[in-house]
Amino acid sequence: MHKKLIFLILACAMVLSSCEEQKPTVQKEEWSIVLHAGAGGSQLMPKDTEDQYKIFLNEALTVGKTILENGGSALDAVEQTVVYLENCPLFNAGKGAVMTMDGRHELDASIMDGSNLMAGAVAGVTDIKNPVKAARLVMERTPHVLLIGEGASAFAREQGLEIVPNSYFTTEGKKAELAKLLEQHAQGEPHGTVGCVALDKNGNIAAATSTGGMAGKKWGRVGDAPIIGASTIANNDVVGVSSTGHGELWIRQSVAHDIYALMDYKGLSLKEAAHEVIWNKIDKMEGSGGGVICIDKNGEIVMEFDTKVMNRAWAKSSGECGAAVNPVVSE
Ligand code: ASP
């Protein structure tokens, strides 16, 4: 009887240990990158327009991907990718930013370095050509995290960044959009904000976000993009996040930090954490929703959005890559 019991215990232990051996091994990417260029819209994008957008998304992706392939830092990859997107008039950041209700541009941006938890941001800036560059300099050359308006401009000037007239950011499309919104006494839906998250060969994660905000916003309104923990977060041990969407919801739900916290404190996978926050928090609130792009410490990529479309592109060292606007089945 006693022998039988010992045999049973041994058999159980063997079964359990063989189960453990069979746990799927997590593939660790050497490097990984994902970008977004806004989410929103009430309709899918027509195929030919999607194809045009994909050209720009792929070009932006190549900027960051090349840096990572050559052993460059995640910080450089996200900054340079966002600079490319800020210079592209198609998106709502830098050139092509949406307008405030009084017909001007006020831009927000942030960046975070997951290796040391340093972060920098600018808000309500009107003349810095590439706000993400200013955000990085705030992080690296000041003891602060967030500079606003004229103070941010003075700092950028002092640092030798390119300063442009406010009209530089204007495009005919964004002018027409504002005219329509003013006619309807409405504020626009989120679209075209840009961001990037990367993991480099040294295991460092960085994230950056840049935007003109919401079209027709009150002047002085600051969204989620420059708020660390709302739109952007990076921590080498857990995750990097950049977001796009209805900024007020992102601030009220601390979206990026929530995803980080669910993973760090509760052990949720990246997919579970992003799904929980977008579908069980954001989607249940009144507003126009949005999406997040995320990379975990293993280089796993998740792009979660509750809107019809999200402009996005991604690549991993193992070879998986793509660009999309409409939802795709294979993701
Ligand atoms: N999140 C941005 C903001 O609220 C808008 C967007 O993502 O398009 O300022």
Residues that are touching an Asp or Glu at 6+ places or on another chain (Cβ under 6 Å) and at pLDDT 95 or above, at least 1 per element: which strands (runs of 3 or more DSSP E) completely within segment 228-331 meet that? 239-245, 290-296, 309-316
Which of the residues spanning segment 27-55 are in a loop (DSSP other than H, G, I, E, B), crowded, with 17+ Cβ neighbours inside 10 Å and within 16 Å of the ligand (Cβ to nearest atom)? GLY41, MET45
Would you mind telling me which numbered condition in (1) without any contact (Cβ under 8 Å) to a residue 40 or more places away in the chain; (2) within 16 Å of the ligand (Cβ to nearest atom); (3) within 21 Å of GLN187 (Cα to Cα); (4) not hydrophobic (A, V, I, L, M, F, W, C) LYS284 fails? (2)
Considering only residues that are more than 11 Å from the ligand (Cβ to nearest atom) and surrounded by fewer than 21 Cβ atoms within 10 Å (Cβ to Cβ), which ones fall in segment 239-261? ARG252, GLN253, SER254, HIS257, ALA261
Looking at ALA186, is it at pLDDT below 95, surrounded by fewer than 21 Cβ atoms within 10 Å (Cβ to Cβ), part of a loop (DSSP other than H, G, I, E, B) and not charged (D, E, K, R)? yes
I'd like to check something: does segment 203-216 contain any residue that is near the ligand (Cβ under 9 Å from one of its atoms) and either within 25 Å of GLU300 (Cα to Cα) or in a helix (DSSP H, G or I) (or both)? yes
Within segment 217-238, restricting to residues that are surrounded by 23 or more Cβ atoms within 10 Å (Cβ to Cβ) and not hydrophobic (A, V, I, L, M, F, W, C), the one that is nearest to the ligand (Cβ to nearest atom) is GLY223
Check whether at least one residue in segment 95-104 is crowded, with 16+ Cβ neighbours inside 10 Å, part of a helix (DSSP H, G or I), in contact (Cβ under 8 Å) with a residue 24 or more places away in the chain and over 22 Å from the mean Cα position of the chain (by Cα), and report yes or no. no
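So that you can scan it fast, the table gives a plain yes or no per residue for (1) free of Cβ contacts under 8 Å to residues at least 12 places away in the same chain; (2) over 28 Å from MET310 (Cβ atoms):
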{"residue": "ASN116", "(1), (2)": "yes, yes"}
{"residue": "GLY124", "(1), (2)": "no, no"}
{"residue": "LEU146", "(1), (2)": "no, no"}
{"residue": "ALA154", "(1), (2)": "yes, yes"}
{"residue": "ILE163", "(1), (2)": "no, yes"}
{"residue": "LEU178", "(1), (2)": "no, no"}
Please enumerate the residues belonging to segment 105-123 that are of a type in the set (Ser, Thr, Tyr) and part of a strand (DSSP E or B). SER110
Among (1) of a type outside the set (Asp, Glu); (2) in contact with a His (Cβ under 6 Å, 6 or more places away or on another chain); (3) farther than 21 Å from ALA93 by Cα, where does ASN70 come up short? (2)
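The values are calculated or read from the model by the stated rules, or taken from the named source; none is laboratory data. The model shown is predicted, which means the values in this text are computed figures rather than measured ones. Counting neighbours? That spans all protein chains shown, and the Cβs are built from the backbone with ideal geometry, glycine included.
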